[in-house]
Amino acid sequence: RIDRERDLVALGVGVAAVQLLVLCWFGLFFAVRHTAEQCRRDIALLKLRGAARWRLWHLAIAQSAVPMLFGAVVGAAAGLGVARLVAGDVPDTGSAALVAGIAALAALAGAVLAAVAADAAGLPASVTDLLRHVPSRRRGWRAEVVDLIIVLVAAAGLYQSYVTSVEDD
């Protein structure tokens, strides 16, 4: 029974970590998307001046990827330092550090991909569209359905956490 409970805890922590990671990627996507909307004029002016396509992509990716890379390095170092302070001197930390490094690289790669996907929407637009100061077209019914699905999933998660906490008491 103890082995089964340990396996269940290990699986639960892994699933929760993946869910949190995906939620963070969505948050980063929306934050970068909002920032990209603010940079539309700058991209339009660069296009108007004849900047190469790779320079535009470099600008769009670098403004998100550099802080993410810096945050990943600082976060990994701080995480390992705090883990050593909390756990003390543990003799075999090689495998844990390797798994943590792989997880950090996966999180960083997903974050950069989310940022690139958010920036990619504005780069192919024409200069006139980028300089336009009017709001974009009204969202279609598909966006409303996606919003409804997200709200329903969040409600299901809240219900599941409530049921789980009541069962534990």
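The values are calculated or read from the model by the stated rules, or taken from the named source; none is laboratory data. A quick note: this is a predicted structure, and the numbers were derived from the prediction, not measured. Here Cβ is always computed from backbone atoms with ideal geometry, including for glycine, and neighbour counts include all displayed protein chains. Note: areas computed on protein heavy atoms with side chains; ligands, DNA, RNA excluded. Shrake-Rupley method; radii C 1.70, N 1.55, O 1.52, S 1.80 Å.
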Going through the range 105-125 one residue at a time, which ones are open to solvent by less than 50 Å² (accessible area, probe 1.4 Å) and assigned to a loop (DSSP other than H, G, I, E, B)?
GLY122, LEU123, ALA125
With the requirement that a residue be in contact with a helix residue (DSSP H, G or I) (Cβ under 7 Å, 6 or more places away or on another chain) and of a type outside the set (Val, Ile, Thr), what does the range 15-54 give you?
LEU21, TRP25, LEU28, PHE29, ARG33, ALA36, ARG40, ARG41, ALA44, LEU46, LYS47, LEU48
Among the residues of the range 1-42, count how many are more than 24 Å from the chain's Cα centre (by Cα) and open to solvent by 100 Å² or more (accessible area, probe 1.4 Å).
8
Residue match in the range 89-104 (condition: of a type in the set (Val, Ile, Thr), without any contact (Cβ under 8 Å) to a residue 60 or more places away in the chain and assigned to a loop (DSSP other than H, G, I, E, B)):
yes
Select from the range 43-62 the residues that are under 28 Å from the mean Cα position of the chain (by Cα) and open to solvent by 80 Å² or more (accessible area, probe 1.4 Å) and write down the one among them that is nearest to ALA125 (Cα to Cα).
ARG53
